[in-house]
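The values are calculated or read from the model by the stated rules, or taken from the named source; none is laboratory data. Quick caveat: nothing in here was measured; it's all calculated off a predicted structure. Quick reminder, even Gly has a Cβ in these numbers, built from the backbone with ideal geometry, and neighbours come from all protein chains shown. Quick note on the areas: whole protein, heavy atoms, side chains included, nothing else; ligands and nucleic acids left out. Shrake-Rupley method; radii C 1.70, N 1.55, O 1.52, S 1.80 Å.
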Amino acid sequence: MLTRRHVLASALAAPAALRMGVGTAHAATTLKISHQFPGGTIDKGDFRDRLCRMFAAEVAKRSGGDLTAEVYPNSSLIKTNAQFSAMRKGALDLSLYPMPYAGGELPETNIGLMPGLVTTYDQGLRWKKEPVGKALTDFLADKGILLISWVWQAGGVASRSKAIVAPEDAKGLKVRGGSREMDMVLQTAGAAVLSVPSNEIYAAMQTGACDAGITSSTSLISFRLEEVAKSLTSGAGASYWFMLEPLMMSKAIFDKLPKNQQDIILAVGAELEAFGRKGAQDDDAEVAKVYEKAGAKVSALDAATVGKWRDIARDTAWKDYGAKTATAANLLKLASDVAA
């Protein structure tokens, strides 16, 4: 299992570009990991960036330097929305990627942010071992994507004006929801919607193009939305907004690696899921403190309010998604079975 000591030791050792064997020499394989979030270090910063750096350090350690990885934060290697397609084509090795961002390409991936469907971390993380997890991973593998680390994140709302707690609070406002299905719910509630990745919410709110943004607790902190918000609705206690943001890998790249390196990748990815859950939940608790310090009013969701959002979602977004394809209908059914 990963330990802090092992990770730090790995981070301090520079990855070898050339490995020497007995009378032989061969170049190490270097994987590139892209994500849209702010960069930091293996110890500090956005936990999603840290998870990628921990992954890189540990695979280098376990492979003896034969397999290394470089992390490219802030979409510095490939633009945010292009990362999924790049992995499918084998042009990008790995990305920690919000799954519903791929909804325009593969509508089935919007199951990763279906309002009100997942309401707890336990429920979301059970997917991996339930039939819905097998159906989702089989579908993605067929499309050229492997799930390496399952990461779920609860979310909340940063608003330039009044708090958006209940659906009726969104009426007349321009809101970023994060997925086509979340946008449908917001529109039913009377809001106008804006479709941008989370790393563009700050600019949209700053210019007034967006009145409020719904995103993960971590992004609410990392993208400094408290600087442009007067209200926060925290998802720490309850939330209708849970997004699947896994570490993904190109199947074409994975399949070219030797079996021992594939095993290392899968093992390290699975071990980092506990770190991902803790990071997300720590930020759920931290986000209120950050916004209160900035002078924002903080509100909380409760089960009854989450139920209002879920009722709208069930009558609109869920039905629309389930009618898209047979795969979507099956994923929705299997995910609903986990929720039951």
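Values as computed for the structure displayed
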item	result
Residues satisfying the stated conditions in segment 222-259, i.e. touching a helix residue (DSSP H, G or I) at 6+ places or on another chain (Cβ under 9 Å), in a helix (DSSP H, G or I) and within 27 Å of Glu58 (Cα to Cα)	Ser222, Lys251, Ala252, Ile253, Phe254, Asp255
Residues being assigned to a helix (DSSP H, G or I) and under 14 Å from Ser159 (Cα atoms) - total across segment 208-218	1
Counted residues, segment 179-207 - those being of a type in the set (S, T, N, Q), without any contact (Cβ under 8 Å) to a residue 40 or more places away in the chain and assigned to a helix (DSSP H, G or I)	3
Residue ID - surrounded by the most Cβ atoms within 10 Å (Cβ to Cβ), chosen from residues in segment 296-322 that are more than 15 Å from Val185 (Cα to Cα) and touching a residue at least 60 places away in the same chain (Cβ under 8 Å)	Leu301
Qualifying positions in segment 150-178 - open to solvent by 10 Å² or more (accessible area, probe 1.4 Å), within 21 Å of Ala203 (Cβ to Cβ) and not in a loop (DSSP other than H, G, I, E, B)	Lys174
Condition check for Ala141: more than 29 Å from Leu67 (Cα to Cα), part of a helix (DSSP H, G or I) and touching a Leu at 6+ places or on another chain (Cβ under 9 Å)	no
Selection within segment 118-149 - under 16 Å from the mean Cα position of the chain (by Cα), crowded, with 18+ Cβ neighbours inside 10 Å and farther than 18 Å from Ala270 by Cα	Val118, Thr119
The listed residue being in contact (Cβ under 8 Å) with a residue 40 or more places away in the chain, in contact with a helix residue (DSSP H, G or I) (Cβ under 9 Å, 6 or more places away or on another chain) and surrounded by fewer than 24 Cβ atoms within 10 Å (Cβ to Cβ), out of Ser95, Ser75, Ser85	Ser75
Count of residues meeting criterion [in contact (Cβ under 8 Å) with a residue 40 or more places away in the chain, surrounded by fewer than 24 Cβ atoms within 10 Å (Cβ to Cβ) and either among the hydroxyl-bearing types (Ser, Thr, Tyr) or on the phi > 0 side of the Ramachandran plot (or both)] in segment 208-229	2
Matching residues in segment 231-243 - criterion: being over 19 Å from Asn199 (Cα atoms) and either of a type in the set (Lys, Arg) or in contact with a Pro (Cβ under 8 Å, 6 or more places away or on another chain) (or both)	Tyr240
Qualifying position, being open to solvent by less than 10 Å² (accessible area, probe 1.4 Å) and over 18 Å from the mean Cα position of the chain (by Cα), among Met205, Met182, Met243	Met205
All positions within segment 260-295 that are open to solvent by 60 Å² or more (accessible area, probe 1.4 Å) and in contact with a Phe, Trp or Tyr (Cβ under 7 Å, 6 or more places away or on another chain)	Arg277, Gln281
Pick from segment 30-59, criterion over 18 Å from Ala86 (Cβ atoms) and of a type in the set (Val, Ile, Thr), ranking: surrounded by the fewest Cβ atoms within 10 Å (Cβ to Cβ)	Thr41
Flag for Leu147 being in a strand (DSSP E or B) and at pLDDT 95 or above	yes
Residues that are open to solvent by 20 Å² or more (accessible area, probe 1.4 Å) and more than 24 Å from Ile78 (Cβ to Cβ), drawn from segment 190-201	Gly190, Ala192, Val193
Neighbours by Cβ (under 9 Å, 6+ apart or cross-chain): first from segment 153-174, of a type in the set (Ser, Thr, Tyr); second in a helix (DSSP H, G or I)	Ser159/Asp169; Ser159/Met205
